[in-house]
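The block underneath contains the structure these notes are about, expressed in structure tokens.
Read the figures in this text as sums done on the coordinates, not as results from a lab. Here the structure is a predicted model, which is why all the values come from computation and not from measurement. Here Cβ is always computed from backbone atoms with ideal geometry, including for glycine, and neighbour counts include all displayed protein chains.
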Amino acid sequence: MSETNILLVNWGTGSVYYALKKSIDLKKDKIFLATTPFLPQEIKNLFAPENLIYTNPYDSQKLIEDVVDFINNRKINFEIVTTFFEMNVYQASVLADFLKCPRFLSPESALKTSVNKLLTRLALKEKQIIQPRFELFDENDLSKAFAFYQKIKKPVVIKPVHSGHGYGTRFVEKNLSFRDFKNLYQKARNDLTRSYDEWMTWEKPFLNSRFLIEEFIGGTMVSCDGFVRGKDHLEFIGTTEFGLSKPPFLNQISHFTPPVNLNKKQVQQCQDYTRQIISVLGLQYCGFHCEMKYEKNQPYLVEISGRLPGGTVLQAYQETSSDNIFDKFFAVFGEKKKEEVKNPVFFKSEATRFFFSHQKFGQLKNIKIPEAFKNKNVEISSNHLKEKEIFGSLKETRGAWLLTLTLRSKKLNSVQLQKKIEILAGKIKMEIDSGLLVLLKVIFRKFIRKLSFRKNSVKI
């Protein structure tokens with residue numbers, strides 16, 4: 001067993017749980033976590049209490065101070081510093097640089113990922129990499145953005161320079177008036193003021209009004225994922241196709257591994273394009289999650305992050321791989337690989353579907369998934385909101401998450417699984433209760449959450 005101490009920066013959101021759990025299973029008590037005090041109990045239970053460092057992981061200086069203090073008190077060193085959470089890619093790189101870790105993602109390269117979408121676009125533009133046409137704007141020069149919108153013959157997308165999970169992103173159809181365009185922009189701005197996730201409360205993305213306006217690329221949405229060791233030493237762990245909701249929100253509602261609508265030659269083209277982007281951005285010693293649209297035999301970058309993909313996609317790669325992905329990931333940083341660690345059972349394909357409630361508020365009464373659908377060729381797993389759980393919707397977005405449904409098969413391909421999961425989706429029954437009493441409970445819960453944040457924030 002290696003004695004290497006590994007520091008992960010922040011838990012982020014529920015989608016990171018899978019990566020944290022797999023890391024703990026592999027490295028046990030050698031995994032540490034620098035995070036906020038608002039750690040969900042299921043995340044907290046993964047770590048030994050003495051391996052938690054409470055800090056502000058969104059403030060690089062505070063993060064460094066608290067980690068250095070921890071190092072001095074415990075008399076230990078961290079040889080590896082990384083993160084599985086998009087909004088902490090830059091902070092983890094700065095900390096690793098300060099601690100002089102032998103292998104880490106440089107802060108300069110970290111800033112050229114989805115941490116700052118403008119710097120990504122400018123770096124690719126300088127090297128003449130094919131990508132969507134774009135323009136930078138803010139609330140003071142909406143007329144410039146509108147002029148770009150009128151010049152482009154196709155729809156456009158507006159997105160914040162600094163944000164995550166698609167918050168503040170809007171699809172803009174053609175032939176809108178300036179007034180309608182302005183209203184849509186304001187809705188995108190307002191989207192950033194709502195604390196959907198913990199990081200939004202800490203980083204306050206609404207304080208930065210800078211947005212990109214980009215031409216909308218149709219076609220197939222795919223993600224090429226893996227990790228990079230030294231310069232240009234890439235290893236792909238898979239390519240996944242995303243199903244998106246209808247405009248104007250373009251949220252991910254499903255994914256398929258391998259892709260449904262791309263053949264092997266087209267997947268290879270997407271991977272070659274990813275290599276080109278990673279080389280330009282100088283990504284090293286990190287995971288990567290490269291999202292792109294494939295249209296008319298050409299991939300176009302949507303965004304790239306210096307971390308592994310989220311939990312459901314990452315799990316799909318692990319379920320369809322004969323190797324332990326996390327063992328190989330930590331080997332990127334020089335950690336000796338345990339060749340005997342293998343995935344004993346792996347599948348040919350996987351399909352995942354997400355279900356959301358578009359009601360303003362509600363209480364989950366029941367979710368029924370037909371048992372009769374199961375057969376020897378398909379394995380079904382699901383993760384859903386607990387019964388009697390009260391939820392408030394994400395206003396003007398996709399609603400509150402209720403259910404994740406996954407099908408896996410050792411015999412069927414992605415196309416076959418896609419058809420089966422859509423059939424099953426139509427047979428799932430959800431009972432939602434909404435009314436005045438539920439609304440009052442939602443309001444009370446939000447009040448308690450804000451009160452708790454104000455109380456605990458003094459400690460940081």
- Name the lysines eligible as straight-distance cross-link partners of LYS153: C-alpha to C-alpha under 28 Å, and not fewer than 8 places from it in the same chain. LYS117, LYS125, LYS127, LYS144, LYS174, LYS182, LYS187, LYS246, LYS293, LYS296
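Taking the Cα centre of the stretch 133-216 as origin, work out the dipole magnitude from +1 charges on Lys and Arg Cβ and -1 charges on Asp and Glu Cβ, in debye rounded to 20.
Approximately 360 debye in magnitude.
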- What is the distance, in nm, between label points placed 7 Å from the Cα along the Cα-to-Cβ direction at ILE369 and at ARG74? 3.6 nm
- Task: Place a +1 charge on the Cβ of each Lys and Arg in the stretch 120-268 and a -1 charge on the Cβ of each Asp and Glu, then give the dipole magnitude about the Cα centre in debye, rounded to the nearest 20.
- Result: 500 debye
- Task: Run the dipole for the chain about the Cα centre, Lys and Arg Cβ at +1, Asp and Glu Cβ at -1, nothing else charged, and hand back the magnitude in debye, nearest 20.
- Result: 1140 debye
- Message: Just to be sure I understand the model, the point goes 7 Å from the Cα along the line to the Cβ. What's the resulting THR201 to GLU65 distance in nm?
- Response: 2.1 nm
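Where does the stretch 36-81 land on Rg(C-alpha)/(2.2 N^0.38 Å)?
Here the answer is 1.20, to two decimals.
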- Message: One quarter of the convex hull surface, Cα atoms only: what value does that give for the chain in nm²?
- Response: 22.6 nm²
- Task: Once you have a ≥ b ≥ c as the square roots of the Cα gyration tensor eigenvalues for the stretch 6-104, tell me rounded if a/c is under 1.5, and otherwise prolate or oblate according to whether a/b is larger than b/c.
- Result: rounded
- Helical contribution to [θ] at 222 nm, DSSP H n ≥ 4, -39,500 (n - 2.57), averaged over the chain, rounded to 500: -10000 deg cm²/dmol
- Item | Percent breakdown of C-alpha pair distances by 5 Å bin, ordered from the shortest bin, for the stretch 349-438 | 3, 13, 23, 20, 16, 11, 8, 4, 1, 0
- Using 1/(1 + (r/R0)^6) with R0 = 56 angstrom and r between the beta carbons of LYS28 and LYS174, what's the FRET efficiency to the nearest 0.05? 0.50
- Message: I need the shape label for the stretch 133-216. Rule: rounded when a/c is under 1.5, else prolate if a/b > b/c, else oblate, with a, b, c from the alpha carbon gyration tensor.
- Response: prolate
- Message: Report the gain in length on full extension from LYS125 to ASP433: 0.36 nm times residue separation, minus Cα-Cα distance, nm rounded to one decimal.
- Response: 105.8 nm
- Message: Take GLU387 and PHE38, extend 7 Å from each Cα along the Cα→Cβ direction, and tell me the distance between the two endpoints in nm.
- Response: 3.0 nm
- Query: Is the shape of the stretch 95-251 rounded, prolate or oblate, going by the alpha carbon gyration tensor and its root eigenvalues a ≥ b ≥ c, with a/c under 1.5 for rounded and a/b larger than b/c for prolate?
  - Reply: prolate
- Mean separation of Cα contacts under 8 Å, 6 or more apart, over the residue count of the stretch 133-216: relative contact order %: 45 percent
- Query: Which residues does a label at ASN413 reach in the stretch 233-264, if reach means a backbone N under 12 Å from a point 7 Å past the Cα toward the Cβ?
  - Reply: 258-264
- Item | Contour minus Cα-Cα distance for ASN190 and ASN261 (0.36 nm per residue) | 22.1 nm
- Give the residue from LEU402, PRO132, ILE367 lying farthest towards the positive end of the charge dipole for the chain; charges sit on Cβ (+1 for Lys and Arg, -1 for Asp and Glu) and the dipole is referred to the Cα centre. ILE367
